[in-house]
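The next block holds one structure in the form of structure tokens; read it before the comments.
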């Protein structure tokens, strides 16, 4: 009985870990959708690039003989954020900005093209095979009986804390800062915001940069957690994060956080109690079901179709 | 000039940041540790060149745009557009007839490899035309089209494996099965808005693939299904020996010696017939009320609803008919390959079919056919660029959307527009 409970607790912890990284990626989808109403299909690739860049930095610093882990991780984090947000900015500038105001499907197709391009950019630059880094942060707490031990690794704890910090910082930024206020205004009504003297292009660029930075954080965290990466991880992670964003209500930032956590829990519980092979199918079915019964998501607003 | 300069510096820095860490530094996995090494001097040179180009382009942006304005946009006006409608139809008929004639004679003159490639092109033409109904005509972005292709292929494979059903009987069944799946999926999801629909269909495509991958006892999982029977012609087989009791051999009946090329030519002609039927059916459909309704719905959904059109029925018909063609294509694909596995039905396949539709010009049949030829033949010709194939492919999709979102050969029809629209 106790073992079953501990097993359950373990699944919850694992689910929360994955879920918080989904939430970080989902923010990028939800903010972009909230402001320009398009699905940034290439966002998953930005996350993948974040993982690759942090691996490059980690490997580079280890080669240089730096062994103090916090420094390595901080450096990897900083550089991954810089590179990923540059990608976010460049993607918006080249693939989406020229298409603003066109039919909804046109930017989406362009985004799919961008996603394929970025995936193969990394395949050509770094090879299609898995890259792996040795575990940087090991250990953790274990608790339980002799038969079964649940554990909370330090890595998981770091993921929780990092996610919490990012989310709090983002919430503060959106609610308090000048740019955050501009973001909300543009999300409300882009034309009106423009009339009132807000540089909407700059706000849109900022949205992409913020989304990409959070994806880079998720990239580093998941990279450290799993220890392996390949150029194709972005697609499925992006799809999952998009599911999370829709689940919580696309356009809503707290919704994305909630959606990420729910999706992570669903996945780890499916993997534990049903079968790990079906976990992707279950999360996509969840996406389909939500869109069918509550297209606005858990915390989303009803969107009125205007002529 | 000054603002241009700071912008140019900024974009040049961004270009460097974007290209350097991934292109310039390569991860090398050795044993337990991982290290990086710098890429060769050529790569560094490329990065430098890219940075310089972006810098100078942004610096002299105004001059460049002025320059580009003088270059006329490519137009495909060959005098054909200005013809009278009646004459146009005549020209079109002759043109179609000539193409079919050439396509019929062609396999007897070229090598076996080319016929094989041409058969592949025809499969993509069929898929492109099917998706064209959904995306091009009805304006519903379907990113999981490959699921219906898979349903068609697996329908034939499983029917042939478990019930020993022949290709000709399985062909309509595969189409009906795919249409049924299209109907079942379409029924609930079609009230979603465009981009949500895209993602749901993408999710559906993945679900089907995961199902095929994991239902090992039924579909063989990742190992796929092999040894699928090839189609026969009135009970004549194209192999060297009779596989199934009661069948005869093509070369024996015809009284000619055995040649494996006959089978390839037969498959090609079969695909050609399927494509011609597809083209014909869709051309008729577009001129029927339901086809008109598709296009009306694509142009303005709200107006359609105000005019009392039932959008669910219209969308559902587009979805179902589009899926049925994917089912036919899938059935033929399974018969041609003789082996299928979930590997053949990944998202990238959906993206390729979508790219064919987009490149050809949404809604235009001729465009889709040309694009299918281009998308299949060009990668074969550029074998040495194989590794850059998908890279170019993604880039092309983006550039196409930016430069010519209506495609290479957009379908044109007479229309009136309010002058003070803008």
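Taking B:332, B:97, B:57 in turn, the Gaussian network model of chain B (Cα-Cα springs below 10 Å) assigns the largest fluctuation to B:57.
Would you work out the relative contact order for chain B, in percent, from Cα pairs under 8 angstrom that are 6 or more residues apart? Let's see the in-between values first.
Details: 535 pairs, mean separation 101.6, N = 422.
Value for chain B: 24 percent.
Remark: the Cα gyration tensor places segment A:113-238 in the oblate category, a/c being 1.5 or greater and a/b not exceeding b/c.
Annotation for segment B:11-64 versus segment A:86-128: alpha-carbon center distance of 18 Å. Using the Kirkwood formula on the Cα atoms of chain B, what hydrodynamic radius do you get, in angstrom to one decimal? About 24.6 Å, per the Kirkwood formula over Cα pairs. Sorting A:43, A:232 from the fewest to the most surrounding beta carbons within 10 angstrom yields A:232, A:43. Note on residue A:276 and residue A:82: the extension gain reaches 66.4 nm, defined as 0.36 nm multiplied by sequence separation minus the Cα-Cα distance. Remark: C-alpha extents of segment B:186-234 on the principal axes read 44, 32, 15 Å, sorted largest to smallest. What's the angle, to the nearest 10 degrees (0 to 90), between helix B:194-214's Cα axis and the longest principal axis of chain B? The angle comes out at about 50 degrees. If you run the Gaussian network model on chain A, springs between alpha carbon atoms under 10 Å, then out of A:108, A:64, A:220 the most flexible one is A:64. Measuring nothing but how far apart in sequence close Cα pairs (under 8 Å, 6+ apart) lie, relative to its length, chain A scores a relative contact order of 35 percent. Listed from fewest to most Cβ neighbours within 10 Å, the set A:130, B:142, B:62, A:280 follows the order B:62, A:130, A:280, B:142.
Only helices enter the 222 nm calculation for the protein assembly as shown: every DSSP H run of n ≥ 4 contributes -39,500 (n - 2.57), and dividing by all residues gives -22500 deg cm²/dmol, rounded to 500. Label-to-label distance, residue B:403 versus residue B:169, with points set 7 angstrom from Cα along the beta-carbon direction: 5.2 nm.
Take every pair of alpha-carbon atoms less than 8 Å apart whose residues are at least six positions apart; their mean separation over the length of segment B:2-70 yields a relative contact order of 43 percent.
The distance separating the Cα centre of segment B:139-195 from that of segment B:290-309 comes to 26 Å. Each of A:240, A:294, B:87 has some number of other Cβ atoms within 10 Å of its Cβ, and from fewest to most they run B:87, A:294, A:240.
Quick one: plug the Kirkwood hydrodynamic radius of the protein assembly as shown (C-alpha pairs) into Stokes-Einstein at 25 °C, 0.890 mPa s, and report D in µm²/s.
Working: Rh = 27.8 Å.
Answer, rounded: 88 µm²/s.
Annotation for residue A:160 and residue A:148: the two label points, set 7 Å from Cα along the Cα-Cβ direction, are 2.0 nm apart.
Since every read-out is calculated from the coordinates, none of them should be taken as a lab result. What you are looking at is a predicted structure, and each value in this text was computed from that prediction instead of being measured. Cβ coordinates were reconstructed from backbone atoms using ideal geometry, including for glycine residues, and neighbour counts include every protein chain displayed.
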